[in-house]
Amino acid sequence: MLPIEERFPRPSVMGVVNVTPDSFSDGGVHLDPAAAAAAARRMLADGAAIVDVGGESTRPGSEGVSADEELRRIVPVLERLAGDVPVSIDTAKAEVARRALDLGAELVNDVTALRGDPELAGVAAGAGAYVCLMHMQGEPRTMQLDPSYDDVASDVAAFLEERLAFAVAQGIREERICLDPGIGFGKTTEHNLELVRRLDVLLALGRPVVVGFSRKSSLGRLLGDPRATTGPLSASIAAAVAAYERGATILRVHDVREHVEALTVARALAGA
Ligand code: HH2
């Protein structure tokens, strides 16, 4: 199995397919398994390196769903994609990850960075999966109430360094792990901006970095709506290109074709 930086050369696009009724920007759009699978195939054709399939919303204020419900949502989608579309499973639950890996998923994307389910690290290690460890302050239900840090970039880096060491101690090979600052997960708009501005602090950990700014509410707020719950495509692309230029490897996005086009040009301009 290739080290993650060879499997996903910089920049790679991860397309988002939320099989949920309540995701913050695409809730309900892909609830039907055939529609979700078709969206995933379109993302692959549009240049995504991998498609991140999730059956639980982690938007601010959300409560979470049972493993049975998550499986009910994602299994019919993964069955349709098996063997054709590279899949990442966006879950914090070992049972869901195990089933997804059996159905061909190659990456486990855990927004709790292996804190949510004590068995998830063993499942990922046993399958030899790629793993994304994401930073979150608090939990989705309450994380946006009053996020605070001493120094957001170094606090997030210290957390990810500790979770990386934990993952490796649990048997996940370091070369299969990528890290994510968790844009919008217990962060103000200013925290989110600073994390991208100072991405070098995360890059110093020596692992590829994933950034998911796509459609997030901070973008809408920056554009003048203090109550925004989403941000537009134009702003999402600007954030993805800026993150790429500061060293991000994988950009997690909802609108694949537009991001692939923008990143292709950004890469050419960078002389890569
Ligand atoms: N953001 C969301 C979900 N999973 N995973 C990683 N690694 N990084 C992210 O930034 C990230 C993530 C939230 O976005 P979305 O999946 O569109 O919404 P929801 O959680 O409401 O389903």
- In the range 85-145, the GluC sites (Glu not before Pro) that sit in a DSSP loop and have at most 16 other Cβ atoms within 10 Å of their own Cβ are E119
- How long is the gain from E79 to E6 if the chain were fully straight, where each residue apart is worth 0.36 nm and the alpha carbon distance is subtracted? 23.6 nm
- Gain in length, D102 to D22, computed as 0.36 nm per residue apart minus the alpha-carbon separation, to one decimal in nm? 26.2 nm
- Value at 222 nm in deg cm²/dmol, rounded to 500, when DSSP H runs of n ≥ 4 in the chain each add -39,500 (n - 2.57): -12500 deg cm²/dmol
- Message: Using the basic label-point model (7 angstrom from Cα toward the beta carbon), what is the A272 to D200 distance in nanometres?
- Response: 1.8 nm
- Task: Report the net charge of residues surrounding E70, where surrounding means a beta-carbon distance below 11 angstrom and charges are Lys +1, Arg +1, Asp -1, Glu -1.
- Result: -1
- Expressed in nm to one decimal, what extension gain is obtained for the pair E174 and R42 from 0.36 nm per residue of sequence separation less their Cα-Cα distance? 44.4 nm
- Would you mind telling me the share, in percent, of accessible area of the chain contributed by carbon and sulfur at probe 1.4 angstrom? 50 percent
- Mean shadow area of the range 63-139, taken as a quarter of the surface of its Cα convex hull (nm²): 4.9 nm²
- Sparse-neighbourhood loop sites, trypsin sites (Lys or Arg not before Pro) in the range 163-270 - DSSP loop, at most 13 other Cβ within 10 angstrom: R227
- Can you check what the net charge comes to around S217, using other residues whose Cβ is under 10 Å from the Cβ of S217 (Lys, Arg +1; Asp, Glu -1)? +4
- If you bin every alpha carbon distance in the range 1-102 into 10 Å steps from zero, what whole percent lands in each bin? 16, 48, 30, 5
- Item | R0 of 22 Å, Cβ-Cβ distance F166-D146: FRET efficiency to nearest 0.05 | 0.25
- State log₁₀ I(q)/I(0) for the range 114-272 at q = 0.09, 0.10, 0.14 Å⁻¹ as given by the Debye formula over alpha-carbon point scatterers of equal weight, solvent excluded. -0.30, -0.38, -0.74
- Task: Please calculate how many Å² of accessible area the range 125-272 carries per residue, with a 1.4 Å probe and no DNA, RNA or ligand atoms counted.
- Result: 43 Å²
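The values are calculated or read from the model by the stated rules, or taken from the named source; none is laboratory data. The structure presented is a predicted model; accordingly, all values stated were derived computationally and were not measured. Counting neighbours? That spans all protein chains shown, and the Cβs are built from the backbone with ideal geometry, glycine included. Accessible surface areas use protein heavy atoms only, side chains included; no ligands, DNA or RNA. Shrake-Rupley method; radii C 1.70, N 1.55, O 1.52, S 1.80 Å.
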